[in-house]
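The values are calculated or read from the model by the stated rules, or taken from the named source; none is laboratory data. Values in this document were obtained by computation on a predicted structure and should not be read as measured data. So basically every Cβ, Gly included, is an ideal-geometry build from the backbone, and we count neighbours across all protein chains shown.
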Amino acid sequence: MRIRPYSLAAGLIALALVVAGCGEEGSSDDNAGSGNTDSSSGSGGGGAECAPIAGDELLVLEDDQELQTVDNLIPAVSAAASTPELLAALNAVSAAMDTDTLVELNGRIANERLAEADAAADFFDEAGLAEGLEQGSGEITIGSSTFPETVLLANIYSLTLDAAGFDTSI
């Protein structure tokens, strides 16, 4: 089988772009600037994946012109599933979670590669969400999209509702 020269050239260019997509080895990992170009750790340029940008290199911009709308966390509950115990558990999460905490948890997920479920468990424990919950019962389905912050919140709600006696699924 004969390979046409332009097909081979196109394939080599595509391969070069994929390999170069992460930059030089060591340019985007924790060893940047250290001279360590060992790619055996699985991070760095040229590998199957790119390392995340270091979190301390990012700048959070202030919305001094108030152009960004507020994104409030509001759990929605069907009237059929609503009970005082369920609402009390959801309100406990709302009281413990604020925007700064959510941003911090998202940073841990993105920068430290912490799984959403692990970040949720850490927050659940640190916030003491299992304490003082009224006990309810019943099956509760928690809806979520696949964005990291919504998966995180779904896991926090699940842990809290489980602690309040509900049987949850996400």
Filter segment 156-170 for residues that are out of contact with any Asp or Glu (no Cβ under 6 Å at 6 or more places or on another chain), without any contact (Cβ under 8 Å) to a residue 40 or more places away in the chain and surrounded by 15 or more Cβ atoms within 10 Å (Cβ to Cβ) and give the result.
Ser158, Leu159, Asp162
Kindly indicate whether any position in segment 91-108 is in contact with a Phe, Trp or Tyr (Cβ under 6 Å, 6 or more places away or on another chain), closer than 20 Å to Ser169 by Cα and not β-branched (Val, Ile, Thr).
no
Consider segment 124-151. How many of its residues are free of Cβ contacts under 8 Å to residues at least 24 places away in the same chain, assigned to a helix (DSSP H, G or I) and either outside the structural domain of Glu104 (by TED's automatic domain parsing) or over 15 Å from the mean Cα position of the chain (by Cα) (or both)?
2
Filter result for the condition that a residue is closer than 19 Å to Ser82 by Cβ, of a type in the set (A, V, I, L, M, F, W, C) and in a helix (DSSP H, G or I), over Ala154, Ala110, Ala117, Ala121
Ala154
